[in-house]
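**Q** Here it is, the structure in full.
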Amino acid sequence: MISVSSLNRMARDLLEAGIPPVWIGGEISNLTLAASGHAYFSLKDGGAQLRCVMFRHKLSLLPFRPQEGMQVELRGQVTLYEARGEFQINVGEMRAAGLGRLYEAFERLKARLQAEGLFDNARKRELPAHPSAIGIVTSPAAAALRDVVSTLRRRMPGIPLILYPAQVQGETSARQIADAIRQAGERREVDVLIVCRGGGSIEDLWSFNEEIVARAVAACPIPTVSGVGHETDFTICDFVADRRAPTPTAAAELVSPNREHLAIQLEQTKRALERALGRLLTDKAQQLDFLGRRLTHPGAKLQTQRERLNTLSQTLRQRVHAAFEQGRWRLQLAGTRLARHQPDLDAGRQALRQRQDALIRARDRLLERRAQRLAQLAATLTALNPDAVLARGYAIVQKQDGQAVKNPAELLNHEKVTLRLAEGSTEARIEHSEGAQAQLPF
């Protein structure tokens, strides 16, 4: 004797070993989408039904959402749920009934284009952060267009929108979509292009699975966003585009900056700049105070030089007097020596007077030359006194940092300068004539 569990396990093993995974067609009924993400339903036809389960990781890969009464084709493993002894199918794949040919065509084209490298991430381009214009390829009557436009107007109303109209469903729709994409690429009016339409069945979205559309998207020189169908819908256009958006609204959000976020960033940047400017002004004010304490007035410098000239003049007179006294002492010494040797006194006196007169003349000439040199130095200092120059009607041109201007080429057009005059200062703006720098009169 065996237990019920053992019997059910034997039956399960026999079913799984004896019946390979098969494709089965029928209608979904008694559908339950559990909180766990798994789907439980019955697949029935006119004469029978069987229990089916599709686990979450398989269900999430479907390009559509199973619904009650939907005609489907599914492939799964025949098995037995041991706990209840129920015969069931563990579903691995599912497609809408009659769409096997379309899915096969989809997979063939997808594999071929992928082999050519059209899906490679290396060829994907970054979307512009702040596009100057946005293009939209869709039908003028599509609800997706209204969703995209309303989203873009809400997020950044100042960006111009350009519609490249095309039918998004029907026999000629694929050709119209491809032509619209090529037209956008040739006209280069926009920085980013949205290719979109709302959700629908695989037949409704098939235009975006056509090779002509995929080639047009791949050749488009403008970064392209594909927003076709709902989040579970995937098309060849999604794989070729630079970015795939789950919905048309999400595509609009991808290509447009959010003005609210930009306003927040701008305010944060403004505050950071204000803090940086405040620190800079504080540092410059301290530096100005430090330089101000080191700055000496030109009059003070002239007074110092005047005092130094007086000192040098006194030193010169003292040295001349010392030289004269030394010469006279030497003369007296020579007279004494001469007297001892009983020279010709009259001749000696005459020679002495001559030498004395020559020495006096030499001293006077030396003093005269020194006085003239002193007068020249004093006149030079007076001429170099900036205050004296300013008193004659001249002005000193200074830049905003206080640097004196020596060459008109240092001045920029419309640059503000300070004119320092004898009795004050004033502000001025430089205006150059066209074609040449203006020549200042000084």
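The values are calculated or read from the model by the stated rules, or taken from the named source; none is laboratory data. On a predicted model such as this, the values are computed, not experimentally measured, just so you know. Because the Cβ atoms are built from the backbone with ideal geometry, glycine has one as well, and the counts that use them run over all protein chains shown.
**Q** Looking only at the range 1-41, filter to residues that are in a helix (DSSP H, G or I) and in contact (Cβ under 8 Å) with a residue 40 or more places away in the chain; which one of those is surrounded by the fewest Cβ atoms within 10 Å (Cβ to Cβ)?
**A** Only one residue tops the list, namely VAL4.
**Q** Please identify the pairs in which a residue from the range 361-374 that is loosely packed, with under 10 Cβ neighbours inside 10 Å has its Cβ atom under 9 Å from the Cβ atom of a residue that is among the acidic types (Asp, Glu), counting only partners at least 6 apart or on another chain.
**A** none
**Q** Output yes when any residue across the range 333-341 is in a helix (DSSP H, G or I), over 60 Å from the mean Cα position of the chain (by Cα) and either on the phi > 0 side of the Ramachandran plot or modelled with pLDDT of 85 or more (or both), and no when none is.
**A** yes
**Q** What number goes with the only condition from (1) more than 14 Å from ASN90 (Cα to Cα); (2) at pLDDT below 90 that THR32 does not pass?
**A** That leaves (2) as the condition not met.
**Q** Checking ASP387 against (1) modelled with pLDDT of 85 or more; (2) in a helix (DSSP H, G or I), which test does it fail?
**A** (1)
**Q** I need a count of the residues in the range 260-309 that are outside any loop (DSSP other than H, G, I, E, B), at pLDDT below 80 and of a type in the set (Val, Ile, Thr).
**A** 0
**Q** Among residues belonging to the range 401-434 that are in contact with an Asp or Glu (Cβ under 8 Å, 6 or more places away or on another chain) and not hydroxyl-bearing (Ser, Thr, Tyr), point out the one that is surrounded by the most Cβ atoms within 10 Å (Cβ to Cβ).
**A** Of everything passing the filter in the range 401-434, VAL417 is surrounded by the most Cβ atoms within 10 Å (Cβ to Cβ).
**Q** Any residue that is within 15 Å of PRO298 (Cβ to Cβ) and either acidic (Asp, Glu) or part of a loop (DSSP other than H, G, I, E, B) (or both) - is there at least one of those in the range 410-417?
**A** Looking for residues that are within 15 Å of PRO298 (Cβ to Cβ) and either acidic (Asp, Glu) or part of a loop (DSSP other than H, G, I, E, B) (or both), one finds none in the range 410-417, hence no.
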